[in-house]
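Okay, so here's the structure we're looking at.
The values are calculated or read from the model by the stated rules, or taken from the named source; none is laboratory data. Model, not experiment: these values are computed from the prediction. In this analysis, Cβ positions are derived from the backbone assuming ideal geometry, glycine residues included, and neighbour counts consider all displayed protein chains. What goes into the accessible areas is simple: the full protein's heavy atoms, side chains included, and nothing from ligands, DNA or RNA. Shrake-Rupley method; radii C 1.70, N 1.55, O 1.52, S 1.80 Å.
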Amino acid sequence: MQYTLSPLGDQAVVIEVGKQIDTSSEQKVKAVVSRLEAEAPPWMIEYIPAYTTVTVLYSIREFLKEDSPYKAVCERIRELLEDVKESAATQQKVVKIPVLYGGEFGPDLDFVAKYNGLTADEVIEIHTSGDYKVHMIGFAPGFPFIGGMSEKIGAPRRTTPRLKIPARSVGIAGVQTGVYPIETPGGWQLIGRTPLELFLPDEDPPSLLAAGDIIQFYEITRDEYEDLRGGAE
């Protein structure tokens, strides 16, 4: 498997496996992550997978006797990945996410509709008609970077970001859609909210979604939302 190594600060190495966001890069990232998880080298503090890279944070204390800690880490990484091959395609997990669209939970639905010359119902129909793919988890705990949304409902970010976006809000930014797992500031256009928790701190892994998962959104009513939340909000 081909890859390149480069420094990030003085305690991290970036493993780049590709230049484009595609299936090949995704499978290579998975292969690297699988090997790092299996070996769990004592010098590794953490790894951070992305679209085409895996960043490895390392403890410099493990390499104080080396002339170049960075070069020593790179050599260890090469040894770890020596026989790693691009992961074969695996069965993808399909996750169905219910969404209560519009109203107080989707205050920007009408803006998205007007921006695209559509009705709110048409935006919902398009948003729930596609299969979306999770490319990676990041930004906030459990936050899925999702691809596959139709350009027909794309919309720009808000000119003034909100200081607080409620957890589980479903939003649109450009031609991306996503779900905020926790309360956080943000500038996405909010079109609805799901009753499902995406960030699961007491579970392993602590995220409902993982890279490679397929997401299917579907519309629910307020009563269905309340039932699924079980009174919690």
With the condition kept exactly as written, say whether any residue in region 92-112 is free of Cβ contacts under 8 Å to residues at least 24 places away in the same chain, part of a loop (DSSP other than H, G, I, E, B) and open to solvent by 50 Å² or more (accessible area, probe 1.4 Å). no
What's the total number of residues in region 146-189 that are under 14 Å from Phe217 (Cβ atoms) and of a type in the set (A, V, I, L, M, F, W, C)? 6
Give region 57-81 a look and list any residue that's over 16 Å from Ile15 (Cα atoms) and open to solvent by 40 Å² or more (accessible area, probe 1.4 Å), or say none. Ile60, Arg61, Glu62, Leu64, Lys65, Glu66, Asp67
What are the pairs with Cβ atoms under 6 angstrom where one residue, in region 192-204, is touching a residue at least 40 places away in the same chain (Cβ under 8 Å) and the other, located anywhere, is of a type in the set (D, E, K, R) and surrounded by 19 or more Cβ atoms within 10 Å (Cβ to Cβ)? Sequence gap at least six, or different chains. Arg193/Arg168; Thr194/Arg168
Of the residues in region 37-52, those that are touching a residue at least 12 places away in the same chain (Cβ under 8 Å) and either closer than 17 Å to Ile137 by Cα or open to solvent by 60 Å² or more (accessible area, probe 1.4 Å) (or both) number 9
Can you tell me which residue within region 2-14, out of those that are part of a strand (DSSP E or B) and within 21 Å of Glu66 (Cα to Cα), is most open to solvent (accessible area, probe 1.4 Å)? Pro7
